[in-house]
Amino acid sequence: MSAHTHVEGQLPHEPEKATLEGRNKVLGFWLFLGGETVLFGTLFAAFLALRHQVLDGPTANHLFDLKLVAFATAILLTSSLTSVFAIQAMHQQKVKSLINWLIVTVLLGVGFLILEIYEFVHYVGEGHGFTTSAFSSSFYTLVGFHGAHVLFGIMWITLLIIQLKRKGLTVVTAPKVYVAGMYWHFIDVVWVFIFTVVYLMGKVV
Amino acid sequence: MASNNHSATEQNTKRHKVEGPKKHIVAFIFSILLTFIAFATVIGGEINKDFIYIILLGTAVLQVFVQMAFWMHMKDRGHRFALIGILTGVFVVFTCVIMAEYWVWW
């Protein structure tokens, strides 16, 4: 029953899982995400241990503006949804729609990054530099690492868009798009814990 | 034999019927709702501190569960090793966080 017969020259229904290489890529990426979980988890642990050690710098409660955080969260959450739409378009072999949804995802990612840069510049102006206190160092390391992941995702998906335009959707390019989508969701999942642990818990006095 | 083959492909196309965006939009609305609950709890928070922490962690874990199941296709079959990989990571993270919260400032 598992033997699929396909019309010549047409992509299979789930092109990312059509080849062994594609399936291995997806599995390998899950294992990579397990490692990424450990990376972020240790940064979270360091932040949790150091978040009250502010020396004479500003405290979390004094610093954070929840409106800005809510806006950033909305942007990233929406971008996760648009990347789901991209994968759905890929499953329907609508390459044009796939590329468009990826472009929307990248643009939302850029918007999030601009917001984060604005936020950091604002904090430095408030006297919250990287070396101000153990709290500030662990804050910038954790949130900055997440921001770097967003930046990497933006560059990665941009390159994939270019490749899709050049080579089209094949059993070689499909796993790449699928895996990049997983990466983008993972970034969103990490952000859920950042806004919970860093920003919201910082506001609870 | 030929007709047999034909019915098999037909079944395959049926089973592969492309999924609609509906459940992903439901997952999105659910995520927004959980985020809203978390923010509202902190902003309107005249309640017990520990209770707020429990609500915050509960909504975060629930939201991650929803997103991984639907958006990262964790609920689809053939994800056992993926689950093992992620859970191994989560186990290490759990150990680190417990250490940082309860051991560092003993």
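The values are calculated or read from the model by the stated rules, or taken from the named source; none is laboratory data. Remember, it's a predicted structure, so these values are computed and weren't measured experimentally. When we count neighbours, we look across all protein chains shown, and the Cβ atoms used for this are built from the backbone with ideal geometry, even at glycine.
One residue is enough: does segment B:40-52 have a residue meeting the conditions part of a helix (DSSP H, G or I), at the interface with chain A (Cβ under 9 Å from one of its Cβ atoms), of a type in the set (S, T, Y) and surrounded by fewer than 16 Cβ atoms within 10 Å (Cβ to Cβ)? The answer is no; no qualifying residue exists.
Of the listed requirements (1) of a type outside the set (K, R); (2) within 7 Å of another protein chain (Cβ to nearest Cβ); (3) at positive phi, A:F44 misses just one: (3).
Applying a threshold of 6 Å to beta carbon distances and a minimum spacing of six or more residues, or different chains, the list of pairs starting in segment A:115-140 at a residue that is over 20 Å from A:M201 (Cβ atoms) and ending at one that is buried (at least 18 other Cβ atoms within 10 Å of the Cβ) reads A:L115/A:A72; A:F130/A:Y140. Scanning segment A:48-68 for residues that are part of a helix (DSSP H, G or I) and either more than 8 Å from chain B (Cβ to nearest Cβ) or among the polar types (S, T, N, Q) (or both) yields A:L50, A:A60, A:N61, A:H62, A:L63, A:K67, A:L68. Here A:I117 meets the list (1) in a helix (DSSP H, G or I); (2) under 24 Å from A:G41 (Cβ atoms); (3) of a type outside the set (S, T, N, Q) almost entirely, failing just condition (2). Would you confirm whether or not segment A:92-99 contains a residue that is in contact with a Leu (Cβ under 6 Å, 6 or more places away or on another chain), away from chain B (no Cβ under 12 Å) and in a helix (DSSP H, G or I)? Yes: segment A:92-99 contains one or more residues that are in contact with a Leu (Cβ under 6 Å, 6 or more places away or on another chain), away from chain B (no Cβ under 12 Å) and in a helix (DSSP H, G or I). Would it be correct to say that A:Y199 is within 14 Å of another protein chain (Cβ to nearest Cβ), more than 22 Å from B:M74 (Cβ to Cβ) and either crowded, with 18+ Cβ neighbours inside 10 Å or in contact with an Asp or Glu (Cβ under 9 Å, 6 or more places away or on another chain) (or both)? Yes: the conditions hold for A:Y199.
Does B:A100 count as under 25 Å from A:H185 (Cα atoms), at pLDDT 85 or above and either buried (at least 16 other Cβ atoms within 10 Å of the Cβ) or out of contact with any helix residue (DSSP H, G or I) (no Cβ under 6 Å at 6 or more places or on another chain) (or both)? So B:A100 does not fit the description; no. Number of residues in segment A:71-93 that are without any contact (Cβ under 8 Å) to a residue 40 or more places away in the chain and either in contact with a Ser or Thr (Cβ under 7 Å, 6 or more places away or on another chain) or surrounded by 16 or more Cβ atoms within 10 Å (Cβ to Cβ) (or both) equals 6.
Looking across segment A:105-114 at every residue that is away from every other protein chain (no Cβ under 14 Å) and free of Cβ contacts under 8 Å to residues at least 40 places away in the same chain, the one that is surrounded by the fewest Cβ atoms within 10 Å (Cβ to Cβ) is identified as A:I114. For segment A:160-205, what are the residues that are aliphatic (A, V, I, L, M), within 14 Å of A:L98 (Cα to Cα) and out of contact with any Lys or Arg (no Cβ under 7 Å at 6 or more places or on another chain)? Matches in segment A:160-205: A:I161, A:I162, A:L164, A:L169, A:A174, A:V177, A:A180.
Just to verify a result, which residue in segment B:69-87, among those that are touching a helix residue (DSSP H, G or I) at 6+ places or on another chain (Cβ under 7 Å) and not β-branched (V, I, T), is surrounded by the fewest Cβ atoms within 10 Å (Cβ to Cβ)? Among them, the one singled out is B:K75. When you look at A:L142, is it assigned to a helix (DSSP H, G or I) and under 20 Å from the mean Cα position of the chain (by Cα), yes or no? Here the answer is yes, as A:L142 does meet what is asked. For B:V92, the criteria (1) facing chain A (nearest Cβ under 7 Å); (2) modelled with pLDDT of 90 or more; (3) exposed (fewer than 13 other Cβ atoms within 10 Å of the Cβ) hold in every case but one, which is (3). Just to be sure before I move on: is A:V84 assigned to a helix (DSSP H, G or I), touching a His at 6+ places or on another chain (Cβ under 6 Å) and within 9 Å of chain B (Cβ to nearest Cβ) in the structure I sent? It is true that A:V84 is assigned to a helix (DSSP H, G or I), touching a His at 6+ places or on another chain (Cβ under 6 Å) and within 9 Å of chain B (Cβ to nearest Cβ).
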